[in-house]
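The values are calculated or read from the model by the stated rules, or taken from the named source; none is laboratory data. Just so it is clear, the structure is predicted and the values come from calculations on it, not from any experiment. Note that we place each Cβ from the backbone using ideal geometry, even for glycine, and neighbour counts take in every protein chain shown. Heavy atoms of the whole protein, side chains included, go into the accessibility calculation; ligands, DNA and RNA do not. Shrake-Rupley method; radii C 1.70, N 1.55, O 1.52, S 1.80 Å.
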Amino acid sequence: MPAPQTPSIASLVRERVTSQGDSYWQTKDFNDLSAPNAVTKALTRLAKDNTLKRVSKGIYYHPKPTRFGPSHPTQAGLHRLLKDYYIYPAGLSAANLLGFTTQNVPAGEFATTARSIPPRILGPKAKLHVNRPETWKELSSKEAAILDIIRCVGQSSDLSPEETKALLIHHIKAENCFSKFLKISAHEPPHVRAILGAIGQEIGVNFSQLKQLRDNINPLTRFNFGKLRTLSHASQWQAK
């Protein structure tokens, strides 16, 4: 008796796709098959024969029949794919979340550790900042928003410099996140390390704990502190 034939990768991919109703598919959804190149080719063939609809690079949608014809990809369904990315509020969205402004970008402003996110997932009008350090994966959304305010030197705030400083320090104390920022500071731009040093000194962090910030700042460089220039020790941390 001849041995039973092993199903091909293409047939396994087709069977799985067609058995799931309306759903989104990416190559990584088939990691258990341990053949990413073959899976990618199979998904491409399924798109060519209209079994799948190509939504964006590497993202496919399998429709289901309805009384009005095949179903279509929805923005809500695409947003569910965001769980596969580290994404945080940034810019005006971060400032809005934290109470620095009532403004917002209509479709949102975000930051991610990824090099890109397919435009169809966030929506074409969303504003995206890519390549945040991998250390941001250790942050909550609120912590990332606080750090983003520091990165943009408070310029997304509609409050006065004094009010901006006070609210920023309030959030850092409320979230108890300064030690986390200190831990990841080596991966942040130099001006962020300088501002963190001034904040740490203002909230009473032991200077020996701030030494790693001082040691990673060029003593000849002056930094733009923006709306955070009112930090009490800004000049000691090389603010312009």
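Inside the range 138-167, residues that are open to solvent by 50 Å² or more (accessible area, probe 1.4 Å), farther than 14 Å from LYS180 by Cα and either modelled with pLDDT under 95 or not small (Gly, Ala, Ser) (or both) make up a count of 5.
Taking every residue in the range 207-220 that is within 18 Å of LYS240 (Cα to Cα) and pairing it with any residue that is among the acidic types (Asp, Glu) and outside any loop (DSSP other than H, G, I, E, B), at least 6 positions away or on another chain, yields no pair with a Cβ-Cβ distance below 8 Å.
Selection of the range 151-208 for residues being under 25 Å from LEU220 (Cβ atoms), more than 23 Å from the chain's Cα centre (by Cα) and not in a helix (DSSP H, G or I) yields only VAL205. Considering the conditions (1) among the charged types (D, E, K, R); (2) under 30 Å from ALA76 (Cβ atoms); (3) in contact (Cβ under 8 Å) with a residue 40 or more places away in the chain; (4) out of contact with any helix residue (DSSP H, G or I) (no Cβ under 7 Å at 6 or more places or on another chain), GLU162 is excluded by exactly one of them, (2). If PHE100 satisfies every condition in (1) open to solvent by less than 20 Å² (accessible area, probe 1.4 Å); (2) touching a strand residue (DSSP E or B) at 6+ places or on another chain (Cβ under 9 Å); (3) of a type outside the set (Lys, Arg) but one, which is the exception? For PHE100, the exception is condition (2).
In the range 115-137, the qualifying residues are those that are farther than 20 Å from ALA94 by Cβ and outside any loop (DSSP other than H, G, I, E, B), and the one that is most open to solvent (accessible area, probe 1.4 Å) is ARG120.
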